[in-house]
Amino acid sequence: MEKTYYNPDDLKKFGDISEFQKELGEKFFDYYGAVFADSALSAREKSLIALAVSHAVQCPYCIDAYTQDTLEKGYSEEQMMEAVHVAASIRGGASLVHGVQMMNKVNKLSM
């Protein structure tokens, strides 16, 4: 077995987060369940969004979970990768737009 910083088996323990704080853990899971239920967006659509966000926040547990979930919900590899590219472009754009702050500072210091 390949050693990683994140233990893939820990994903199975996600439900155990209530162990040290039952009330808040239960509130989180109630909220989480409500968020992923069919509503204005389908649970299927929300799964693809979650896959993209998982990559943006770089959560290996979420990436594993939502890769499996999106496959089970019928998304193709091409659709999944396109969602990852959307996340990457937003993340990259967010870094680049902060370049304006740097440019403003340079211009201010150059006056």
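The values are calculated or read from the model by the stated rules, or taken from the named source; none is laboratory data. Since the model is a prediction, treat every value here as computed from it, not as a measurement. Positions of Cβ are backbone-derived with ideal geometry, glycine not excepted, and every protein chain shown enters the neighbour counts.
For residues that are aromatic (Phe, Trp, Tyr), surrounded by 11 or more Cβ atoms within 10 Å (Cβ to Cβ) and farther than 20 Å from THR70 by Cα, tally how many sit in region 1-28.
2
If a residue has to be of a type in the set (Asp, Glu) and farther than 12 Å from GLU45 by Cα to count, how many in region 62-76 make the cut?
2
Take the residues in region 49-89 that are in a loop (DSSP other than H, G, I, E, B) and not charged (D, E, K, R); name whichever of them is nearest to ASP9 (Cα to Cα).
Among residues in region 49-89 that are in a loop (DSSP other than H, G, I, E, B) and not charged (D, E, K, R), the one nearest to ASP9 (Cα to Cα) is CYS59.
Search region 47-66 for residues that are surrounded by 15 or more Cβ atoms within 10 Å (Cβ to Cβ) and of a type in the set (Phe, Trp, Tyr) and pair each with any residue that is at pLDDT 95 or above and assigned to a helix (DSSP H, G or I) when their beta-carbon atoms are under 7 Å apart and the residues are at least 6 apart or on different chains.
The qualifying pairs are TYR66/SER47; TYR66/ALA50; TYR66/LEU51; TYR66/SER54.
Which number in (1) of a type in the set (A, V, I, L, M); (2) closer than 19 Å to GLU82 by Cβ; (3) out of contact with any helix residue (DSSP H, G or I) (no Cβ under 6 Å at 6 or more places or on another chain) marks the one condition that ALA40 misses?
(2)
Return the residues of region 1-48 that are modelled with pLDDT of 95 or more, in a helix (DSSP H, G or I) and aliphatic (A, V, I, L, M); say none if nothing qualifies.
Across region 1-48, the qualifying residues are LEU24, ALA34, VAL35, ALA43, LEU48.
What number of residues in region 67-80 are out of contact with any helix residue (DSSP H, G or I) (no Cβ under 8 Å at 6 or more places or on another chain) and exposed (fewer than 11 other Cβ atoms within 10 Å of the Cβ)?
4
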